[in-house]
1. List the pairs whose first member sits in the range 269-282 and is of a type in the set (D, E, K, R), whose second member is at pLDDT 95 or above and part of a strand (DSSP E or B), and whose Cβ atoms are under 7 Å apart, counting only residues at least 6 apart or on separate chains?
2. Any chance the range 35-46 includes a residue that's among the hydroxyl-bearing types (Ser, Thr, Tyr), touching a residue at least 24 places away in the same chain (Cβ under 8 Å) and more than 30 Å from Ile116 (Cβ to Cβ)?
3. Restricting attention to the range 39-58, does a residue exist that is more than 22 Å from Leu292 (Cβ to Cβ), touching a strand residue (DSSP E or B) at 6+ places or on another chain (Cβ under 6 Å) and at pLDDT 95 or above?
4. Could you please find all residues in the range 70-107 being in contact with an Asp or Glu (Cβ under 7 Å, 6 or more places away or on another chain), surrounded by 21 or more Cβ atoms within 10 Å (Cβ to Cβ) and not β-branched (Val, Ile, Thr)?
5. Condition test on Asp210, is it at pLDDT 95 or above, among the charged types (D, E, K, R) and surrounded by fewer than 16 Cβ atoms within 10 Å (Cβ to Cβ)?
6. Could you say which residue among Val209, Val220, Val235, Val240 is closer than 30 Å to Pro29 by Cβ, touching a helix residue (DSSP H, G or I) at 6+ places or on another chain (Cβ under 9 Å), touching a residue at least 24 places away in the same chain (Cβ under 8 Å) and in a loop (DSSP other than H, G, I, E, B)?
7. Return a yes/no flag: does the range 178-195 have any residue that is part of a strand (DSSP E or B), crowded, with 21+ Cβ neighbours inside 10 Å and among the β-branched types (Val, Ile, Thr).
8. Go through (1) more than 17 Å from the chain's Cα centre (by Cα); (2) crowded, with 18+ Cβ neighbours inside 10 Å; (3) of a type outside the set (Lys, Arg) for Asp230 and report which single condition fails.
Amino acid sequence: MNQLSNFPSFGLTDSPKQSGYYFPAEFAPHEATWLSWPHKEASWPGKIETIYPRYAEFVKYVAEGEIVRINVADEPMKQKATNHLAKAGADLSKVEFYFHPTNDAWCRDHGPAFLIHRTEKKKMIVDWGYNAWGGKYPPYDLDDVIPTLIAHHFGWPVVHPGIVMEGGSVEFNGKGTLLTTRACLLNPNRNPHLSQKQIEEYLIRFYGVDHILWLGDGIVGDDTDGHIDDLTRFVNADTVVTLVEDHAHDANYHLLKENLKELHSLRLENGRPLNIVELPMPSPVEYEGQRLPASYANFYIANKHVVVPTFRDRNDDKALGILQDCFPDRKVVGIDSTDIIWGLGSFHCLSQQEPAV
């Protein structure tokens, strides 16, 4: 079932898990954050120029605590990015550019899945297949090869499991538990030939985890078919924040209520229940009558900051306060994502962490 043909050339005997590798939690120390510079007009129809100041502000905060590595197509794109970052006051000495052309900006899903070794100071990359969320937005051929390009550039081992998987569909507590949704991973537009049990085997072998927790549906407006990073997130090894909707008439009300109920029934790898912190939803954000996946759960945990999307909403400050309590060792900052969310994602969707070893 598993395609392990790449392993012998890197001295790995079986799967990453059996070779001692695992995917660390996002709140573990980073060496860097990877991004793919936004350039696809169709992702932000008529508005792409408006997102750059906020995007550059995001880079500024992340670069205060780690390197930021950005995929760009060519020298003109690099220069454009540099100009925006300089204008935002980002520390350009902490920013590195790599000439890796992409189709789109969603590095969480097309970027590398970095694994580190449990006892030795080394890392590797898992290059899952990528099909733009079930073939919704072709072409995606450039995005699909980004992890391998990065691995080859740095000389890191890379393995190709041979199935579709997106970074935004999985959450980790760093102790062996992976959290995901049935709506996404069991969707027939991803891996229709695999059962839930077979998918779990891939997750265990290629992410180095022991324990899989499944939730149901994602939020309304999420074109990824229910990514976990818009719904429920680990903030430490035994605590999650999860979205709740107070308005019974809202389209998310019942599904988030069911999600909360299901979370209370789940158990971690050590048999203990999750600590659950409730996070409010913003009021609906729409574009040309379409509900957008506006969610405070799409925050990014950097070394020094937690960057949270805000939406000019009455719940912005409440959400920031709740998350600040969850991260006493980091500064929680909100960045207006009202324009960025028109692309159907925000800061977590745009980024992928590279762990420190």
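The values are calculated or read from the model by the stated rules, or taken from the named source; none is laboratory data. Computed from a predicted structure; not experimentally measured. We place every Cβ from the backbone using ideal geometry, glycine too, and count neighbours over all the protein chains shown.
1. As it stands, the answer is Glu269/Thr177; Glu269/His211; Glu278/Thr242; Glu278/Val244, since those pairs meet every condition given.
2. For the range 35-46, residues among the hydroxyl-bearing types (Ser, Thr, Tyr), touching a residue at least 24 places away in the same chain (Cβ under 8 Å) and more than 30 Å from Ile116 (Cβ to Cβ): present.
3. no
4. Listed by number, the residues that qualify are Asn103, Asp104.
5. In short, yes.
6. Of the residues listed, the single one that is closer than 30 Å to Pro29 by Cβ, touching a helix residue (DSSP H, G or I) at 6+ places or on another chain (Cβ under 9 Å), touching a residue at least 24 places away in the same chain (Cβ under 8 Å) and in a loop (DSSP other than H, G, I, E, B) is Val209.
7. yes
8. The number of the failed condition is (1).
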